[in-house]
Amino acid sequence: MATVVGLIVGLGILRTPGDIAGTVSDPTTYMLLWIVGGAFVLLTVGTVAELFALTPKSGGIYALVQNAFGPYAGFVIGWTDVMASCSAGAVKAVVLAEYAALLIPELGLHITPFALVLTTIFAGLQLGGLSLGAKIQQSASVGIGLIMIGLAIALFAGYLLSGTAVVAPEALVADDRTAFVAWGAVITAIVFTYDGWVAPTYFSGEMKSGAADVAVGAIRGTMVVIAFYIALNLALVLAVPLEALAGQKLALSAAIEMVYGAGAGTIVLLCAIFILLAHQNLQYMNVSRTLYALSIDGMGVKQATRVSDLGTPVGAVLFSWVAIAGLILAGGFNFLLSLTTFLLMLTYFGMLFGIFLLRKNRPDVQRPFRAWGYPYLTTLVTVLWTLLIGFVGYSSPKSVGYAIALIAISAPAYWALKRYRGTAIEAT
């Protein structure tokens, strides 16, 4: 539950209200997006949780897809997940440094070095062992939950005390994009902001109580996040007009300032920094487990399989740090971010289809958790995700192009690794 809350609640909810408000200015429609989106995500988790419970192996999406489809599909998804996670870790480190510079202007000239220092500190904390990383995440998740509740209460209180909503400071600027593309961006924002419910599967093999608890924890954690999001967004639309938030990069900070005056947004800025610090910790926990699982199965470097006496995949953490630090220095990772949500949706489809495949190929295996409403609800959720993938892909053709290129490159890379580390693959 801690990893679900910790991974889902982040920059998404702090920023996407401003992105969505650029297209959706009606409060009722805005709230329906969050409620329906949350319900759909919960149904998805309740379906895919069967696959979670059948995969008692750390490695996240890679382990899940490999269990259902075999090595090659797992390789494609696994390395995609590694790249997306490293890219996200690098971006969050840079944004964290930029937010810190708003508090300490002198840091503004040293964003890249400061981002490197921050990410290095959290890589070092991971080397302190699984127990340390887990305790940090549990504490951070409690803090994130309190922040969400506190922001919602602050906005509700501001609305009740004033007795009326804040007037927008300026009119909404018309978007010159087509409505189709704009709605594609809205759906992408909702999907991205709710993403992270797969987080517990990165540690399935380290759960003493078994993979069934991973499934239950994912569902419970998702329900907690949905409750946070609905309460916070309801407070948001009551306290301030959506037009005033359009295009805001830190929408919640802007909302607090509109309600309580200039300077009040600094509190939200501090909260955002705390959340991003927690994300650095979890990002390393996730990506190192995926890289370790890939390497154990012969689809990564052998050095990434080294595990310390404290239970930390040391080699994988160090390789993760090198990748994240390299992306921070290169600054050329924005294209990965534009691709991330589309790839995430493809992985959702892969996991859902994996349920059907395992039901067919392994009908007699014991299932500690069964998909809700199988096969009818599973079919409905799979069809809806297929339609959403098509809609978002059509509205953002560049994402489709990058996805095709990534899959095309993966084939020769897979066979080269299989040839180079064939013994390891055969052993697994």
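We did not get these values from a lab; they are worked out from the coordinates using the rules stated. Everything numeric here is computed off the predicted structure, so don't read it as measured data. FYI the Cβ positions are ideal-geometry reconstructions off the backbone, even for glycines, and counts take in every protein chain you see.
Laid out as a table, the results:
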read-out: In nm, spacing of pseudo-spin labels at R220 and E243 (7 Å Cα→C-beta vector); value: 4.5 nm
read-out: Charge dipole (debye, nearest 20) of the chain; +1 at Cβ of Lys and Arg, -1 at Cβ of Asp and Glu; value: 1280 debye
read-out: Full-stretch length increase - I404, V301 - with 0.36 nm per residue and alpha-carbon distance subtracted; value: 34.6 nm
read-out: Under-24-angstrom lysine pairs by C-alpha in the chain, whenever the two are 8 or more apart or on separate chains; value: 11
read-out: Cα-projected label distance for L102 with I230, points at 7 Å along beta-carbon direction, nm; value: 2.9 nm
read-out: Förster-model FRET efficiency, 51 Å R0, D26 and F349, C-beta, rounded to 0.05; value: 0.95
read-out: Positive-end residue of G145, V259, A211, charge dipole of the range 2-427 with Cβ unit charges; value: A211
read-out: Which of A68, I230, A93, positive extreme of dipole for the chain (C-beta unit charges); value: A68
